[in-house]
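Down below is the structure, laid out as structure tokens.
The values are calculated or read from the model by the stated rules, or taken from the named source; none is laboratory data. Keep in mind that what you see is a predicted model, and the values were worked out from it rather than measured. Here the Cβ positions follow ideal geometry from the backbone for every residue, glycine too, while neighbour counts run over all protein chains shown.
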Amino acid sequence: METFERNEKGSMMAEGVSVSSLALQYGTPLYIYSEKALRDHFSEFDKSAGDFPHLICYAVKANSNLSVLRLMASLGAGFDIVSGGELARVLKAGGDTAKVVYSGVAKTEKEITFALDAGILSFNVESEAEMERISSIAAAAGKTARVSVRVNPDVDAGTHPYISTGLKSNKFGVPVERAFSLYKRARDLPGLEIAGIDCHIGSQLTSLAPFEDAIDRLIRLIDRLREEGINLKHIDVGGGLGVVYNNEVPPSRKAYMETILKKIQGLGLLLICEPGRSLVANAGILVSRCEYLKEGELTDFCIVDTAMNDMIRPSLYQAWMKIEEAEADESIPEKVFNVVGPVCETGDFLGKERSLRVKPGDFLVMQGAGAYGFSMSSNYNSRTRPCEVMVSGTEHRVIRRRESPEDLWRGEEL
């Protein structure tokens, strides 16, 4: 974790600010993001592509806070969206809609119309039925929709089954053997312009081999399309590059980009990639307060004020995320705890069998919380969602206020 590290006194720091001081000022649970980390991670992708024509489309689903989106837009990023709501966020944050690619298997008529009116770069089409719908809507409006077929290459990403998207059994994309005929159909449909080809095989990949395998299959399809007279403008290789949560050894962002560029060097196409987790995961932490220590017959519990509604990854994916003390205190005996939250579910845990030196009132830090943390949060058990703070050097500001009880029933009627 290059940004959130301890100083010489043993205090966890967020850039130039003590995490404990932020927790005291803003309360817990608390999401903290590092602007420097966000900038550095994006820059590594961007610089690794060099002069090769490319567009980095940040995957909004990873962390959709408006300040994060505004920062990405200022760095020149495009955006990968999967809903009309995400497009609305990109617009609100000042993103360039001409740099937006729209994925997702269930685009509604309303969402397609919204995206078409906004002038997005491309719809990543996931089915024959969707292609027909986009054509109908665009033709009726007298507009042209740019489309790319999302190809399902049947490549095993070797990741958790919930975040694997490139197998025949997954709901995403068009099987590679059917994609060729769909492109020919798109050429004949009104209101469509064939823009490119798209592929995304999963998330948290720690090897380059699945990426290479998928791209090889795309290239074979691109060659067939050219023989048919269908010439593409871009190749979208998706995202999915993994990050370090525990002892993973994922490829670097530079190695990832260099590997892809070697594969597509002679195609003459714009490269689009869709990183999300690899940009924001380790640019954020989640801070909790220890409320109680409870001795059990089989295990001891560190009960914190953060729950599965605030961070669902451990419960949903059995994800391992590092948990450590905000302040190192050698005077406290080290014990093994299951770190659990207040929600009335046995599955409400942040981590199991963690060695900690902690007492009630202490703050704990969960690393790697910048991706799929707040963006997947909920109000389950009528819990208000956390505050989000952005740190830049020694400066910090609220980028989302903590919800109030009134926010819980906003929109409801008695």
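Selection over region 102-139 of residues that are in contact with a strand residue (DSSP E or B) (Cβ under 8 Å, 6 or more places away or on another chain) and hydroxyl-bearing (Ser, Thr, Tyr) gives a count of 5. Can Arg6 be described as of a type in the set (D, E, K, R) and either under 15 Å from the mean Cα position of the chain (by Cα) or closer than 17 Å to Met366 by Cβ (or both)? Yes: the conditions hold for Arg6.
Exactly one residue among Lys99, Lys143 is among the charged types (D, E, K, R) and in contact with a strand residue (DSSP E or B) (Cβ under 6 Å, 6 or more places away or on another chain), and that residue is Lys99.
Each residue in region 285-303 was checked for being in contact (Cβ under 8 Å) with a residue 12 or more places away in the chain, of a type in the set (A, V, I, L, M) and out of contact with any Pro (no Cβ under 8 Å at 6 or more places or on another chain), and 1 pass.
I need the strands (runs of 3 or more DSSP E) fully contained in region 272-342, keeping only those with at least 2 residues that are touching a Gly at 6+ places or on another chain (Cβ under 8 Å), at pLDDT 95 or above and more than 21 Å from Ser375 (Cβ to Cβ). Steps first, please.
On the way: elements: 284-295, 300-304, 323-325, 335-340.
Answer list for region 272-342: 284-295, 335-340.
Only residues that are part of a loop (DSSP other than H, G, I, E, B) and of a type in the set (Val, Ile, Thr): list them for region 77-104, please. Result: Val82, single match. Scanning region 288-321 for residues that are of a type in the set (Lys, Arg) and in contact with a strand residue (DSSP E or B) (Cβ under 7 Å, 6 or more places away or on another chain) turns up Arg289, Lys294.
Selection over region 319-348 of residues that are closer than 23 Å to Leu22 by Cβ and either under 25 Å from the mean Cα position of the chain (by Cα) or polar (S, T, N, Q) (or both) gives a count of 6. Looking only at region 264-274, decide whether some residue is more than 22 Å from Arg146 (Cβ to Cβ) and in contact with an Asp or Glu (Cβ under 7 Å, 6 or more places away or on another chain). For region 264-274, residues more than 22 Å from Arg146 (Cβ to Cβ) and in contact with an Asp or Glu (Cβ under 7 Å, 6 or more places away or on another chain): absent.
Condition check ((1) hydroxyl-bearing (Ser, Thr, Tyr); (2) out of contact with any Lys or Arg (no Cβ under 6 Å at 6 or more places or on another chain); (3) closer than 22 Å to Ser64 by Cβ) across all residues:
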site: Pro251; (1), (2), (3): no, yes, no
site: Tyr256; (1), (2), (3): yes, yes, no
site: Ile260; (1), (2), (3): no, yes, no
site: Lys263; (1), (2), (3): no, yes, no
site: Leu267; (1), (2), (3): no, yes, no
site: Leu271; (1), (2), (3): no, yes, no
site: Gly276; (1), (2), (3): no, yes, yes
site: Ile285; (1), (2), (3): no, yes, yes
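No other residue among Leu30, Leu38 is surrounded by 23 or more Cβ atoms within 10 Å (Cβ to Cβ), over 23 Å from Leu271 (Cβ atoms) and hydrophobic (A, V, I, L, M, F, W, C) apart from Leu30.
The single condition from (1) touching a residue at least 24 places away in the same chain (Cβ under 8 Å); (2) of a type outside the set (Lys, Arg); (3) more than 24 Å from Thr306 (Cα to Cα); (4) in contact with a Lys or Arg (Cβ under 7 Å, 6 or more places away or on another chain) that Glu15 fails is (3).
Tallying residues that are assigned to a helix (DSSP H, G or I), surrounded by 15 or more Cβ atoms within 10 Å (Cβ to Cβ) and of a type in the set (Gly, Ala, Ser) within region 242-261 yields 0. In region 275-318, the residue that is farthest from the chain's Cα centre (by Cα) out of those that are surrounded by fewer than 19 Cβ atoms within 10 Å (Cβ to Cβ) and farther than 19 Å from Asp362 by Cα is Glu297. Checking every residue in region 207-223 against the condition of being assigned to a loop (DSSP other than H, G, I, E, B), at pLDDT below 95 and in contact with a Lys or Arg (Cβ under 6 Å, 6 or more places away or on another chain) gives zero matches.
Is there a residue being surrounded by 14 or more Cβ atoms within 10 Å (Cβ to Cβ) and under 17 Å from the mean Cα position of the chain (by Cα) anywhere in region 262-273? Yes, region 262-273 contains a residue that is surrounded by 14 or more Cβ atoms within 10 Å (Cβ to Cβ) and under 17 Å from the mean Cα position of the chain (by Cα).
Residue-by-condition table, conditions (1) free of Cβ contacts under 8 Å to residues at least 24 places away in the same chain; (2) crowded, with 20+ Cβ neighbours inside 10 Å; (3) in contact with a Lys or Arg (Cβ under 7 Å, 6 or more places away or on another chain):
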site: Pro342; (1), (2), (3): no, no, no
site: Thr346; (1), (2), (3): yes, no, no
site: Val358; (1), (2), (3): no, yes, no
site: Leu364; (1), (2), (3): no, yes, no
site: Ala369; (1), (2), (3): no, yes, no
site: Met376; (1), (2), (3): no, no, no
site: Cys387; (1), (2), (3): no, yes, yes
site: His396; (1), (2), (3): no, yes, no
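Every listed requirement among (1) of a type in the set (A, V, I, L, M); (2) under 25 Å from the mean Cα position of the chain (by Cα); (3) surrounded by fewer than 19 Cβ atoms within 10 Å (Cβ to Cβ) is met by Leu22 save one, (3). Limited to region 243-255, what total is found for residues that are under 27 Å from Leu221 (Cβ atoms) and either charged (D, E, K, R) or touching a residue at least 60 places away in the same chain (Cβ under 8 Å) (or both)? Of the residues in that region, 1 qualify.
Out of Ser64, Ser48, Ser21, one residue alone is of a type in the set (S, T, N, Q) and not in a helix (DSSP H, G or I). It is Ser64.
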